[in-house]
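First comes the structure, then the notes that go with it.
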């Protein structure tokens, strides 16, 4: 599988996971089971009253970040902040509280780096790391880490957020190069949990209802990703936990897309995904790879 196919699959996986999870965002596993049995259809609805295949901030912020990278030829904090601010001014379907607060701070100060806060450990920076992974593929580790933090700190300047973002980017890049799931587990996931115990994913109950706290998000994603054997089962496992399901779905989807490639993606999901979003994801994935 060539890298370009995996890159496109990762971006489509992000969007599909976002659209699938948005239906059951803020629900509990018991509520999901009572209403849907197993939620495995891009049916829209949810608290945002979405159309089938419509995405939320996870995908649209990623696309905004990717556009800024392509315009600048690199990951640039100020360009990212402007792109996110323009995205917010366009009245997106959803926006996280930390994102809103720190973008308003950027409007007031012109400083693209939010103040450091351990309380800003949400998953809003981690959900949009895919464009960074694609744009910095092949660069030195220090440059990749700096790019991760440049985009993350616009809204989430926090050690836990940084650790999650960097781990995900390196996992994505290795998956794009053809690494096995076992490689990703031992080279990235376990070391992250060893350095930051909040990310332990073998010490928490499987099927937990993850909040928007990044230390809830990553264990849920890793359980779904490492304990399943294909793209579909990974996403179904993760989103049926409910909670911040659009974001856990988006992150699991980008990882699973990069690992399994396009052949494993259910055709029904691809056909239902919003057509404009699908084209934007496919186009940007290729552009970010070629822009290196």
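Taken together, the values in this text are just the output of simple stated rules run on the coordinates, not laboratory data. In this text the structure is predicted, and so the values were computed from the model without any measurement. Neighbour counts run over all protein chains shown; Cβ positions are idealised from the backbone, glycine included.
Residues 211, 62 in ascending order of nearby Cβ atoms (within 10 Å, fewest first): 211, 62. Annotation: the residues 31, 267, 113, 25, sorted from fewest to most other C-beta atoms within 10 Å of their own C-beta, follow the order 267, 31, 113, 25.
Taking each residue as 0.36 nm, the span from residue 270 to residue 78 lengthens on full extension beyond its C-alpha to C-alpha distance by 65.7 nm.
Shown here: Cα extents along the principal axes in Å, derived from the displayed model; of the candidates (i) 62, 36, 35; (ii) 49, 46, 41; (iii) 48, 39, 37, it corresponds to (iii). The distance from the alpha carbon centre of the range 22-61 to that of the range 263-292 is 20 Å, rounded to a whole number. Computed over the chain, the per-residue total of -39500 (n - 2.57) for DSSP H runs of n ≥ 4 gives a 222 nm mean residue ellipticity of -18500 deg cm²/dmol, rounded to 500. With neighbour counts taken as other beta-carbon atoms within 10 Å, the residues 172, 130, 104, 63 rank, fewest first, as 104, 63, 172, 130.
Subtracting the Cα-Cα distance of residue 118 and residue 33 from their residue separation scaled by 0.36 nm leaves 27.1 nm.
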